[in-house]
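Everything on this sheet refers to the single structure shown next.
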Amino acid sequence: MKHPMQAGLALPGHRSISTELPVARAPVPAELIIPVAQHIGTPATPVVASGDHVKRGQLIAAAQGFVSANIHAPIDASVKAIEYRPVPHPSGLNGMCIVLEPDAGAEWPSPVPKAMDREIISACAPMDIKKKIRDAGIVGLGGATFPTSVKIKNGIDHHIDTLIINGCECEPWITCDEMLFRERPQHVIGGSCLIQQAIKADKRVLAIEEEESEAIDLLRDAIVDCGDPIHLEVLPTRYPTGSEKQLIQIVTDKEVPTHGLPADIGVAVYNAGTAAAVYRAVMFDEPLISRFVTVSGPGIKQPRVLEVLLGTPVKDLIEFCGGKTEDANGLIMGGAMMGLGLSTDEVPVTKGMNSILLTTPAMMQDTQGELPCIRCGACAEVCPSQLAPQQLLALIRAEDLEQAQRWNLEDCIECGCCNAVCPSHIPLSSYYRYAKSELRGQGMAKRKAQQSKQRYEFRNERLERAKREREEKMRKKKEALQAANKAKARAAMKEEAEAAEKEQDA
Amino acid sequence: MIDTVHSPLGTPTATVATTMRRVLLALSPGIIIYTAFFGWGLLIQLMLASATALALEAIMLKIRKRPVIPHLTDYSALVTAWLLAICLPPLLPWWMTVLAVGFAIVIAKHLYGGLGSNPFNPAMVGYAVLLVSFPREMTQWLPQENGYQLPGFADSLSIIFQGSVTTHLDGLSTATPLDHFKHSLDAAPELTGLLAGKHWEWISLAWLAGGLWLAFKGTLDWRIPLSLLLTVALFSIGLMLGTDNPAWQNPLFHLLSGGTMLAAFFIATDPVTASTTRLGRWIYAAGIGLLAMIIRLWGGYPDGFAFAVLLMNLAAPIIDYLTIPRAYGHK
């Protein structure tokens, strides 16, 4: 740890309630709903049709372009429909989904082997690893869902000094990575070896929070078994340590430039779950078709971590965990600080869904008692991006987004620490979320306007050029014609003169 | 369908009311010591100012169509009233106190948009209005000589409300210790036998104790008092090398006399009117210390913190603008 985090918050973790039971496999549902957009980038295009039969692991939607990801059938099934269904997305709109009906009696395959063969890993070529990751449709499983193959490509193109495997689940309630460490530490370590081999980092660090205490010894053993020099960095539990930028600063004392990528400063960060998925993709040719999901919160009867086939409806998980308590009032995908409120439990589990949180009224933010901002600056003290949230609030309320940009609005990571300490109980991060999307909208409109302008100017220039060329041509033609006429005239004169000469001679 | 909930969940434990209550609590030791030394006057002024402030706050909230109870119970009007009352001479006529509180709450606070929107510190606006309008009354303080009989409760009441005294008292007022020093060629220690004017250093130390507690609790930003006190100390140390008037030579005198401690911990720290960035707060508070010293030493008033605070309030927006913090990833 080179730069302990001063800002942020020490939050109660609520970890133990969902880590008492071992990970269970959620039953195969009656229907799997698989959105074609579960990653950052272009949605995948379905390559199956309604009525087709698909095998477990078969490609059902293909990546489109560079920043995109393949999607596969999680189990033997028939394609029931390709239609719009509710999906977990901030817009709340329905999204295109491939709906699968699992075959009767289709079950989870037998558990994957746990042991790790270092020699087989060493034999994998970087390009093969990258291709397998691309084929397997792996994306960042910490919630960001950025296609992993793109990140690997970036890592190959840049010199990477430090590869960080991110095992810090700093958001309260989320425990799926901790359970992954406890049940399959070899997969995480093996995956880190493969990523290391692909991007050739100088150093490798596995970062974990001290609250995940039971996982620490198991990981240490797995590292010893593996034999690679992997530094296990046990960090104090403090939110938002698991945020990529903050973790990089804590581990390396470097800051990711504001519009840059970690690769620009020689760092690559992969989520622990992503590393495990890479391991399974490369070693067992298993595409990304399942993941660990924490089902927790005071609104669920039996909180626990489940291994879930992607596409399983959230309501099935709630039912499997004993159902909701009577006072359960809401549903959040992700954590209590940054998660996305869902309006229905009909949505499926997607690649980026690390947690389902059932809330109760006691957890709600009291919006009744909101008072004016008194500029106390408590928010600035906890802001991990070192912003001045109180100024941003005033500027956004005054609709002065240009000035808000000067105060670095776009560096806000929306972690919500400011909300949690505001004595006036102002929902600050909602303002920043709104203003950032507004700026993005403006940026898009601006880009569009610029594009149209460019197109218009280009067209004008093209027409101008065509006109010029036409004129040039005409001129040349005219000249040629004139020259020809002159020559003719000269020839005629000459003939006449010759004729006259002949006459004289005669 | 279910209700959509929004992250982050949970209600912060901190409230504006807690902050304000802490400020009132932190003022209490100083108020008790003040009363012990100078009698009932301050307590009567506190009651008067509090009642006026709460009544005017309620009326203004009603007129501005704001929820009355949530705002009235945020204690911000009381903080303004107390700070103002503490600055006033303890036996000031009641209507002057009411006038000052009225200016603070109605004009300086609510006409500028209420809690959080006022550019100037309301208590200091009220104080400054009185100081420029009634300079004589505003510089009359109770004598500090030994053997002086303090007016009792009934006497204090009748002086404040009727301007008359029922029992015989020897001289009721005197100039502030700072004024004494300023217009006297005597050396300070010989005048009172004590450091910063009799009793005043103890009151200052009580403000300091309350202020340190607030800083420890994180209720105020420690950068402001530290920067202000450092500026005052460094300025007076610099002065030591430049003058031969012994009254000005002791930095402790400047730190413990007049409004230095009160301003450093309770007035300059008002977050609404102070600069809001970390670096900005250093600059803002240093500016107050510097201006106050200049006014104290060369200005027409015995002490300069009220004007220094108001002047720096004026400068706070530009200080903020020039001290935008370096965000993560901007090198």
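Some values worked out for this structure:
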read-out: Rounded to 10°, Cα long-axis angle of helix A:126-135 versus longest principal axis of chain A; value: 80 degrees
read-out: Cα gyration tensor shape for region B:244-304, rounded if a/c is under 1.5, else prolate or oblate; value: prolate
read-out: A:THR312 long-range amide H proximity, modeled H, under 5 Å; value: A:ILE33, A:VAL349
read-out: Distance in nm between pseudo-label sites at A:ARG25 and A:ALA10 (7 Å out along the Cβ direction from Cα); value: 4.2 nm
read-out: All lysines inside 16 Å of A:LYS2 as judged from Cα atoms, apart from same-chain residues fewer than 8 positions distant; value: A:LYS203, A:LYS245, A:LYS254
read-out: Calculated FRET efficiency for the pair A:ASP117/A:ILE156, C-beta based, R₀ 35 Å, to 0.05; value: 0.90
read-out: Euclidean distance of C-alpha centroids, region A:394-461 and region B:92-123, integer Å; value: 37 Å
read-out: Region A:118-174 - Rg and Dmax from Cα coordinates, angstrom; value: 13.6, 40
read-out: Cα lying deepest toward the dipole's positive end in the protein assembly as shown, options A:ALA73, A:LEU206, A:MET493, charges on Cβ; value: A:MET493
read-out: Set of aspartates and glutamates with alpha-carbon distance to A:LYS477 below 16 Å, sequence-local pairs under 8 removed; value: A:GLU469
read-out: Beta bridge orientation in chain A: antiparallel %, DSSP, nearest 5; value: 60 percent
read-out: Centroid-to-centroid separation of region A:187-257 and region B:247-295 [C-alpha atoms, Å]; value: 48 Å
read-out: Potential extension, A:TYR84-A:GLU370 segment - 0.36 nm per residue separation minus Cα distance; value: 99.1 nm
read-out: Listed residues A:PRO147, A:PRO427, A:THR252: farthest to the positive end of the dipole of chain A (Cβ charges); value: A:PRO147
read-out: Charge dipole magnitude, Cβ of K and R +1, D and E -1 - region A:128-195, Cα centre, debye nearest 20; value: 360 debye
read-out: Cβ-Cβ FRET estimate between A:GLU319 and B:LEU322, R0 fixed at 60 Å, reported to 0.05; value: 0.55
read-out: Nearest-20 debye value, region A:252-379 charge dipole, Cβ charges on Lys, Arg, Asp, Glu; value: 120 debye
read-out: Spin-label zone in region A:362-387 - amide nitrogen under 12 Å from a point set 7 Å from the Cα of B:SER117 along the C-beta vector; value: A:372-373
read-out: Kirkwood hydrodynamic radius of region B:38-156, Cα pairs, Å; value: 14.8 Å
read-out: For chain A, the longest site-free run once GluC sites (Glu not before Pro) in DSSP loop states with at most 12 other Cβ atoms within 10 Å are removed; value: A:211-325
read-out: Convex hull volume of region A:231-311 per residue (C-alpha atoms, cubic angstrom); value: 184 Å³
read-out: Dimensions in Å of region A:12-106 - Rg and Dmax from alpha carbons; value: 15.7, 49
read-out: Residues whose placed amide H lies under 5 Å from that of A:VAL47, excluding near-sequence neighbours; value: A:ALA61, A:ALA62
read-out: Estimated inter-spin distance, A:ASN94 and A:ASP327, nm [label 7 Å along Cα→Cβ]; value: 3.6 nm
read-out: Cross-link partners of A:LYS55 among aspartates and glutamates (Cα-Cα below 18 Å; sequence separation of 8 or more within a chain); value: A:GLU31, A:ASP76, A:GLU101, A:ASP103, A:GLU107, A:ASP135, A:ASP285, A:GLU286
read-out: Cα gyration tensor, the protein assembly as shown - rounded (a/c under 1.5), prolate or oblate; value: oblate
read-out: Relative contact order for chain A, counting Cα pairs under 8 Å that sit 6 or more residues apart, in percent; value: 16 percent
read-out: Student exercise, chain A dipole from Lys, Arg, Asp, Glu Cβ charges, in Debye to nearest 20; value: 2200 debye
read-out: Segment A:LYS473-A:PHE66, extension gain: residue separation times 0.36 nm, minus the distance between their alpha carbons; value: 142.0 nm
read-out: Shape category assigned to region A:2-49 from the gyration tensor of Cα positions, a/c cut at 1.5; value: oblate
read-out: Rough spin-label spacing in nm, given labels placed 7 Å along Cα→Cβ, for A:LYS486 and B:ILE237; value: 9.5 nm
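Computed from the coordinates by the stated procedures, all read-outs in this text should not be read as laboratory data. Computed from a predicted structure; not experimentally measured. Positions of Cβ are generated from backbone atoms using ideal geometry, with glycine treated the same way; all protein chains shown enter the neighbour counts.
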